[in-house]
Each structure stands twice: as C-alpha cells, then as structure tokens.
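The values are calculated or read from the model by the stated rules, or taken from the named source; none is laboratory data. The structure displayed is predicted, hence computed values, not measured ones. Cβ: placed from backbone, ideal geometry, glycine included. Neighbour counts: every protein chain shown.
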Amino acid sequence: MKRIISLALVFIMASASVFALEKFVDISPDNPYYEAIEYVYDNELMEGCSAERFEPDAYVNRAMVVTVLWRVENCPSYLCVTNFVDVPYRSWYGESVTWAEGEITKGYGEWGTTDYVFKPLDLATKEQLWTMLWRYAEMNKLTELSENVDMSAVADIDKVSDYAIDAVKWGYANGLIKTDENGCIDPKGYISRGEFAAYIKDFVDAFDFEVGIATVDRIKKMQNAVQE
C-alpha cells in the first residue's frame, strides 16, 4: 500500500511539473533543455521572463548568474551593503551580488574607488560563468583538481582568459564543460537561459547539492520595495 501511495505521489509531482511549464508558450518537451528548465523552475532557481514566456534562447547577464547561485545556496540574508558602486542594494540582484562579492565575483576596477563595478546587466560569458561556478564550488571545498588535466582535445583552449584557466580545467575534468563538434568550448561566447539551466542542473547533480526551495517571494518583495 505504501509503495502505491509513493508511486502516486511521484506521478502527481511529475504531472504538476509538466503542467507548470505548460504555461510558457515558448517551452515544449522537444526543447533540448526541457529537463533542465523543468528542474530550475520546480526548485525556484529560475523564473519566467513573463507570465507566458520563459525565453530559453535569451542570453543571461551577470546579475542573473549570481542570483541563481545565491538561490542554490537558499538565499542567505545579507544586511551589509555591497562595495560595487553600480549595484543598488534594493535592486532585484542587490542581495545576491552582496553575498557573492569577493569570493564568487571580483568585479572590475579598484576596490574602494568609484571605478569598482560589477556590471550586473552585462551579458555573462561562458568563462565568467565557469569561473563563478568554480569559485562557488571552492566555497564548498569541491575544487580538488589534478594538475595533469589533459586539455589537448580542446581546440580553442588558447582563447581562455588567464583568470579562468583553472576554472576551465576543473569544469572540463568534472564533465561540466564539453566541446562542440569542432572540439571548441567557446569561452568568450554568451549563454542562453536554456543552456544556463543545463549548467546549473549539471553542477548541482555532479556535486550532490541539496537545493532548498528558494524564497522567490523575498525577491518580489524587494522589487516592490524598490518601486515604492
């Protein structure tokens, strides 16, 4: 009897997830990122861009990357103000950037000056995302890496910025970074929302993170407070 009830609950939860994504007119089960999008949506790590559209092909910006990682961490509360001069604390990304500053993102410019910026709305490049994932993993002591990672199969490894090379080796060794049909990883390329969802799901699965349901209502309250 217990097994029947358990199976019924699994079916109900799976059905609810499918129905939840059905509200998005631009998402269908044949989308290559459908499972990943389903995962991040079910766990409130990502939302739609509107009530009817998820925009899987739209690019993610730096603020989105940091905010989703903050949600993976279950939205830790930070009352201090970020040192980035271009990040209003009461913006939708203010608290997540404050959490990430220093350990996950270094920003641009000299700390303590008016040149010290995060550039939250700049599109995130793949190597920036990989570096943030690597630093977040490092926070959780998950970045042990052999020095002998063979990158010879990566045709464009020379295109990786110096700051990102360790992150790329780590991501490649752990199966998070894969080459395309030409053997390239395109480190300077941008990331679609669908692709980003896949990176997040693969990252969480690879390291067995226990992702709590993020309190998205808190984000919405902050947005409302900004408008008041």
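Residues in the stretch 55-104 that are among the acidic types (Asp, Glu) and buried (at least 21 other Cβ atoms within 10 Å of the Cβ): 2 in all. Evaluation of Met132 against the conditions (1) over 16 Å from Met64 (Cβ atoms); (2) within 22 Å of the chain's Cα centre (by Cα) shows that the sole unmet condition is (1). Starting from residues that are assigned to a helix (DSSP H, G or I) and among the small types (Gly, Ala, Ser), keep the ones in the stretch 134-191 and report whichever is nearest to Asn74 (Cα to Cα). My answer is Ala137. So which residues in the stretch 20-35 are among the charged types (D, E, K, R) and touching a Pro at 6+ places or on another chain (Cβ under 7 Å), if there are any at all? Answer for the stretch 20-35, where residues must be among the charged types (D, E, K, R) and touching a Pro at 6+ places or on another chain (Cβ under 7 Å): just Asp26.
Cβ-Cβ contacts under 7 Å between residues 6 or more apart (or on different chains), taken from a first residue in the stretch 45-63 that is under 21 Å from Thr125 (Cα atoms) and among the acidic types (Asp, Glu) to a second residue that is surrounded by 18 or more Cβ atoms within 10 Å (Cβ to Cβ) and at pLDDT 95 or above, are listed as Glu55/Arg193; Asp57/Gly194.
When the stretch 19-53 is filtered for residues that are out of contact with any Leu (no Cβ under 8 Å at 6 or more places or on another chain) and among the hydrophobic types (A, V, I, L, M, F, W, C), the ones remaining, listed by number, are Phe19, Ala20, Leu21, Phe24, Val25, Ala36, Val40, Leu45, Met46, Cys49, Ala51. For the stretch 37-56, taking the residues that are out of contact with any helix residue (DSSP H, G or I) (no Cβ under 9 Å at 6 or more places or on another chain) and of a type outside the set (S, T, N, Q), the one that is modelled with the lowest pLDDT is identified as Ala51. Just checking, does the stretch 105-112 include any residue being in contact with an Asp or Glu (Cβ under 9 Å, 6 or more places away or on another chain), at negative phi and either surrounded by 15 or more Cβ atoms within 10 Å (Cβ to Cβ) or touching a residue at least 24 places away in the same chain (Cβ under 8 Å) (or both)? No; the residues of the stretch 105-112 include none that is in contact with an Asp or Glu (Cβ under 9 Å, 6 or more places away or on another chain), at negative phi and either surrounded by 15 or more Cβ atoms within 10 Å (Cβ to Cβ) or touching a residue at least 24 places away in the same chain (Cβ under 8 Å) (or both). Within the stretch 180-187, is even one residue under 12 Å from Thr125 (Cβ atoms), within 19 Å of the chain's Cα centre (by Cα) and of a type outside the set (A, V, I, L, M)? Checked the stretch 180-187: at least one residue is under 12 Å from Thr125 (Cβ atoms), within 19 Å of the chain's Cα centre (by Cα) and of a type outside the set (A, V, I, L, M). Determine, yes or no, whether Asp158 is closer than 22 Å to Ala197 by Cβ, charged (D, E, K, R) and either loosely packed, with under 15 Cβ neighbours inside 10 Å or in contact with a Phe, Trp or Tyr (Cβ under 9 Å, 6 or more places away or on another chain) (or both). Criteria not met by Asp158.
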